[in-house]
Amino acid sequence: MQQHIDSYDFTGKKAIVRVDFNVPLNENFEITDDTRIRKAIPTLKTVLEKGGSLIIMSHLGRPKKVDPKFSLKHIVARVSECLGVPVQFADDCMKADAQAAALKPGEVLLLENLRYYAEEEGKPRGLAEDASEEEKKAAKKVVKDSQKEFVKKLASYADCYINDAFGTAHRAHASTALIAEYFPNDKMFGYLMEAEIKAIDNVLKNAERPLTAIIGGSKVSSKLAVLKNLVGKVDNLIIGGGMGYTFIKAQGGKIGKSLHEDDLMPDALAILEEAKAKGVNVSLSVQTIAGQSFDNDTPRQIFDTNNIGEDWEGMDAAPATLENWKKIILASKTILWNGPVGVFELPNFAKGTLQIAEDLAEATKLGAYTLVGGGDSVAAVTQMGYADKVSYVSTGGGAMLEAIEGKTLPGIAAIQD
Ligand code: AMP
C-alpha cells in the first residue's frame, strides 16, 4: 500500500531515498548547477525532521564501470551544505551494510553511484559488437539474475522507500522501480515526484477546458507519439518549430529548404484527419521568419508559411502566426508546452519562443494552469527568465515526454501498484 510522506511515521526508521543527483560537473569535479540537489531537499529534510535517518541513492552520468570521474563523492559537501547536516559516504553501494546499520535518527548516508553496477539498469555490459543474438540473450539473463540480489541488498539497508527521482521515473531500474516490491506497505513518493505527477494529471486527467497543447521542436519523428496521444485529449493543438514544416509540406505548401521529414508526411496527414474527426482545432504556422543559412547573422525574410522561397529555411514563427497562437493561448484554461517554436538558441530566431513564454506567463496571470514540460522548452523558459511566471516547469525531460505520450512510467507505477 502506498504511503504519504506527510502521514508516515519516520521515528527511528531508515529511509532509502532514490533521488536524481545527476548534476553537471566541470573538469575540476565542481558542481556547475545544483538545481537537482536543491529540488530533493524538502523530501530529505522532512525525513530527518520526523525522526528518521537517510540512505540516499542516485546515479551520476553514464559510467560503464567503476570510474572516479562519475563518483558521487564529488557532491557530498554540497549535499551536506544544502541539508545542514554532515553526510557520510559509502564507497560501494553494495557494501554499505555496516554504515547503514549504524545510522542514528538525523544521520545521512550517501551511496556511491548505482550505475557502477550493470545491475542498476539491468543491461549487460562489455558485450562484443558482433555478439550473436544467443550471446546477447544469455548475457541479459546473467545480469537480470544478479539484479535480484542487487535490489535485495539495497532494500536490506532500510525500513521504507521513497522515490523522488522524476528524471528517471521512465526507467524500470533497480532503484527506481524494482526495489519498491520489498516495501509493499512502506513505499511513497517524495515531494518532487508528487509535484510532477500532479502537474501531469492537471493536464492529462483533470484539465479545465479549453485545453491547449503547444508542440514544437525539430522533428515530427521524436514527437509523433506525443501528437498521437494529445490529439485525442486537447481542444487546441498548436504545432510549431521545425516539425511544423512537415505538416505544411504534406498539405501541399512550399517550404523551401525548411527542415522536414518526407517519410512522416502520411503520419502528419493522419494526425490532421484525426483532429478534424474529433473536432480538435489544429493551428499551424501561417507566417514564418526564414533565413538563408542556419546561423544567427544570415539574412532574414518573412514569408507566408505555405509559400517560402526556394533558397530560404523557416527558422522562427513570424508575427501573424504569433497573433493566432496568442489568441488561442489567452482563451485557454490549461496549457501544455513542449518544444520551442523556433531556433531559440540563435538570438535572431528566438523571438517566437520568447513570445510563447510571455503568452504563457500572461495566461497564468489570468488564472490558467500552464505546464512547461520536456527538454528544450524548459531550457528556453528558464534561460528567458519565465520559469517562475508559469504554473509548473517539469524537471524531467525524457520522463515528461513519455508521460505526455500517455505511457505509464515504471517509477510511478511501482509506488502506486
Ligand atoms: P526538440 O528537442 O525536438 O524539442 O527540438 C528542439 C530543437 O528544435 C531546438 O534545438 C531548436 O533549435 C530546434 N528548432 C525549432 N524550430 C526549428 C526550425 N524551424 N528549424 C530547425 N530547428 C528548429
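The antiparallel fraction among DSSP beta bridges confined to region 1-143 stands at about 10%.
Largest GNM mean-square fluctuation across 307, 348, 26, computed for the chain with C-alpha springs under 10 Å, falls on 26.
Starting from region 259-322, pick out the GluC sites (Glu not before Pro) whose DSSP state is loop and whose Cβ has at most 16 other Cβ atoms within 10 Å. Could you put the intermediate results ahead of the total?
Numbers: sites: 261, 273, 274, 310, 313; in loops: 261, 310.
Counting only loop positions with at most 16 other Cβ atoms within 10 Å, the GluC sites (Glu not before Pro) in region 259-322 are 310.
Extension gain for the segment residue 379 to residue 251, taken as residue separation times 0.36 nm less the Cα-Cα distance, is 42.9 nm to one decimal.
Using the number of other C-beta atoms within 10 angstrom as an exposure proxy, rank 330, 110 with the fewest first. Before the final figure, lay out the partial values.
Values: 330 14, 110 23.
By the 10 Å Cβ count, ascending, the order reads 330, 110.
One chain, two ends: residue 26 and residue 81. Fully extended at 0.36 nm per residue, the span grows by 17.9 nm beyond their Cα-Cα distance. Between 253, 244, 314, the residue with the greatest mean-square fluctuation in the GNM of the chain (Cα pairs under 10 Å linked by springs) is 253.
For region 171-320, what's the relative contact order in percent, using C-alpha pairs closer than 8 Å and at least 6 residues apart?
Working: 236 pairs, mean separation 31.0, N = 150.
With pairs under 8 Å counted, the relative contact order is 21 percent.
With labels modelled as points extended 7 Å from the Cα through the Cβ direction, what inter-label distance (nm, one decimal) is found for residue 9 paired with residue 123? Once both label points are built, they end up 4.3 nm from each other. Convert 25 °C to kelvin, take the viscosity as 0.890 mPa s, use the Kirkwood radius over C-alpha pairs of region 203-404 as Rh, and evaluate the Stokes-Einstein diffusion coefficient in µm²/s, rounded to a whole number. In µm²/s, the coefficient rounds to 149. The stretch between residue 38 and residue 185 holds 50.1 nm of extra length on full extension. This uses 0.36 nm per residue minus the Cα-Cα distance.
Inter-label distance, residue 362 to residue 327: 1.3 nm, where each label sits 7 Å from its Cα along the C-beta direction.
Between residue 110 and 56, 88, 89, 90, the built amide H atoms are under 5 Å apart, and every one of these is 5 or more places off in sequence or on another chain.
For residue 407, the aspartates and glutamates whose Cα falls under 16 Å of its own Cα, not counting residues fewer than eight places away in the same chain, are 196, 201, 417. Max-minus-min Cα coordinates of region 14-189 on each principal axis give 53, 42, 29 Å, with the largest extent listed first. What fraction of the DSSP beta bridges in region 203-404 is antiparallel, stated in percent and rounded to the nearest 5? Here the share of antiparallel DSSP bridges comes out near 30 percent.
Hydropathy at least -1.0 by Kyte-Doolittle, axial extent at least 18 angstrom from the Cα trace: which helices of the chain, defined as entire DSSP H runs, fit? Write down the numbers at each step before the final one.
Working: long enough: 35-49 (22 Å, -0.09); 133-156 (35 Å, -1.22); 191-204 (19 Å, 0.51); 265-278 (20 Å, 0.09); 351-365 (21 Å, -0.41).
What comes out of the filter, once short or polar helices are dropped, is 35-49, 191-204, 265-278, 351-365.
Summarised as an ellipsoid, region 129-219 has semi-axes of 33, 24, 9 Å, derived from the eigenvalues of the Cα gyration tensor scaled by 5 and square-rooted, with the largest first. Here's the picture: charge each Lys and Arg Cβ at +1 and each Asp and Glu Cβ at -1 in region 205-271, and of 230, 211, 251 the one pushed furthest to the positive end of that dipole is 211. Around the amide H of residue 287, modelled in the peptide plane, lie the amide H atoms of 305, 318, 321, all under 5 Å away and 5 or more residues distant in sequence or on another chain. Taking the charge dipole of the chain about its Cα centre, with +1 at Lys and Arg Cβ atoms and -1 at Asp and Glu Cβ atoms, the residue from 307, 356, 400 reaching farthest to the positive side is 400. Charging the Cβ of each Asp and Glu at -1 and of each Lys and Arg at +1, and nothing else, the dipole of region 14-189 about its Cα centre rounds to 260 debye. The smallest convex shape that holds all Cα atoms of region 180-297, its convex hull, gives 180 Å³ per residue.
Note down, for region 334-417, the three equivalent ellipsoid semi-axes (square root of 5 times each alpha carbon gyration tensor eigenvalue), biggest first, whole angstrom.
Working: eigenvalues 128, 47, 17 Å².
Those come to 25, 15, 9 Å.
Taking the Cα centre of the chain as the origin, how large is its charge dipole in debye, to the nearest 20, when only Lys and Arg (+1) and Asp and Glu (-1) carry charge on their Cβ atoms?
Dipole size: approximately 800 debye.
When you work out D = kT/(6 pi eta Rh) for the chain at 20 °C and 1.002 mPa s, using the Kirkwood radius from C-alpha pairs as Rh and the Stokes-Einstein form, the result is 93 µm²/s. Direction-averaged projected area, Cα convex hull, region 252-367: 7.7 nm², rounded to one decimal. Taken about its Cα centre, region 264-416 carries a charge dipole of about 740 debye when Lys and Arg each add +1 at the Cβ and Asp and Glu each add -1 at the Cβ.
Laboratory data are not the source of any read-out in this text; all were calculated from the coordinates shown. Being a predicted model, the structure only gives us computed values, none of them experimental. Methodologically, a virtual Cβ is constructed for each residue, glycine included, from the backbone with ideal geometry; neighbour enumeration extends over all protein chains shown.
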